[in-house]
1. For a quick check of your reading of the model, give me the residue pairs whose first member lies in region 58-80 and is more than 15 Å from Leu144 (Cα to Cα), whose second is surrounded by fewer than 24 Cβ atoms within 10 Å (Cβ to Cβ) and of a type in the set (Lys, Arg), with beta-carbon atoms closer than 8 Å and at least 6 apart or on different chains.
2. Quick one: how many residues across region 84-115 are assigned to a helix (DSSP H, G or I), buried (at least 22 other Cβ atoms within 10 Å of the Cβ) and modelled with pLDDT under 95?
3. Determine the pairs where a residue that is among the acidic types (Asp, Glu), located within region 126-142, has a partner that is in a loop (DSSP other than H, G, I, E, B) with Cβ atoms under 6 Å apart, the partner being 6 or more residues away or on another chain.
4. In a helix (DSSP H, G or I), free of Cβ contacts under 8 Å to residues at least 12 places away in the same chain and surrounded by fewer than 20 Cβ atoms within 10 Å (Cβ to Cβ), is that true of Glu32?
Amino acid sequence: MKTIMVLNGPNLNLLGRREPGIYGAHTLGDVERLCAEACAREGYALDFRQSNHEGVLLDALHEAGAAQAAGTLAGVVLNAGAYTHTSVALHDAIKGASVRVIELHISNVHAREPFRHHSFIAPAAEGVIAGLGVRGYALAIQALAGSVLAKSAPAGQRTA
C-alpha cells in the first residue's frame with residue numbers, strides 16, 4: 001500500500017490553543033485522525049509528522065522524494081506554517097527531491113497580514129488549498145490521490 005505523508009511545520013503542535021478564532025478548536029491529534037480516515041478512504045497509509053525545525057522538514061521532504069521515486073509514497077500534503085512565507089530551502093527541497101506536494105493552509109492566508117500573501121512553496125507545489133479549516137487536509141489528500149491516479153493513467157484517459 002502506498003503512503004501519503006502529511007507534514008506540518010512550526011506551531012502547528014499548538015492547534016486548538018493558538019488563536020482559535022483563526023485556526024479553530026481542533027488539535028493536531030484531531031487533524032491526524034482526520035487524515036488517517038481520509039487516507040483510508042483513498043486506499044493509502046498515512047505518515048503524519050510535525051516539526052518546529054526547518055531542517056527536520058527538509059529531511060522529511062528528501063525522504064519523501066526518495067520514497068516517491070521508489071514507488072512507496074504518493075506525495076506530501078505540506079502545511080509549512082510560517083515557513084511558507086520565508087523558506088527558499090523548502091522550495092528547493094521540493095524541487096530537488098522531485099516530490100509531489102499539495103500546499104495546505106488552515107486559514108485563508110490571502111485575507112490575513114500582507115506578509116502571508118506570498119508563498120515560496122506554491123511555485124514548487126502541484127496545488128494549493130487555503131482557508132477551508134482542517135477539512136482542507138482531507139481535500140488535499142483526496143486531490144493528491146486523484147493526482148496520482150491521473151498521472152498513472154495513459155494519455156487521453158486522465159481525469160485531472
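The values are calculated or read from the model by the stated rules, or taken from the named source; none is laboratory data. Keep in mind it's a predicted model, so treat the numbers as computed, not measured. Note that we place each Cβ from the backbone using ideal geometry, even for glycine, and neighbour counts take in every protein chain shown.
1. Ala60/Arg49
2. Residues that pass the stated criteria total 1.
3. The qualifying pairs are Glu126/Arg100.
4. Details: in a helix (DSSP H, G or I): yes; free of Cβ contacts under 8 Å to residues at least 12 places away in the same chain: no; surrounded by fewer than 20 Cβ atoms within 10 Å (Cβ to Cβ): yes.
So Glu32 does not fit the description; no.
Conditions tested, residue by residue: (1) of a type in the set (Phe, Trp, Tyr); (2) more than 15 Å from Ile106 (Cα to Cα); (3) more than 13 Å from the chain's Cα centre (by Cα).
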residue: Met1; (1), (2), (3): no, yes, yes
residue: Gly9; (1), (2), (3): no, no, no
residue: Leu34; (1), (2), (3): no, no, yes
residue: Asp47; (1), (2), (3): no, yes, no
residue: Glu54; (1), (2), (3): no, yes, yes
residue: Leu57; (1), (2), (3): no, yes, no
residue: Ala70; (1), (2), (3): no, yes, yes
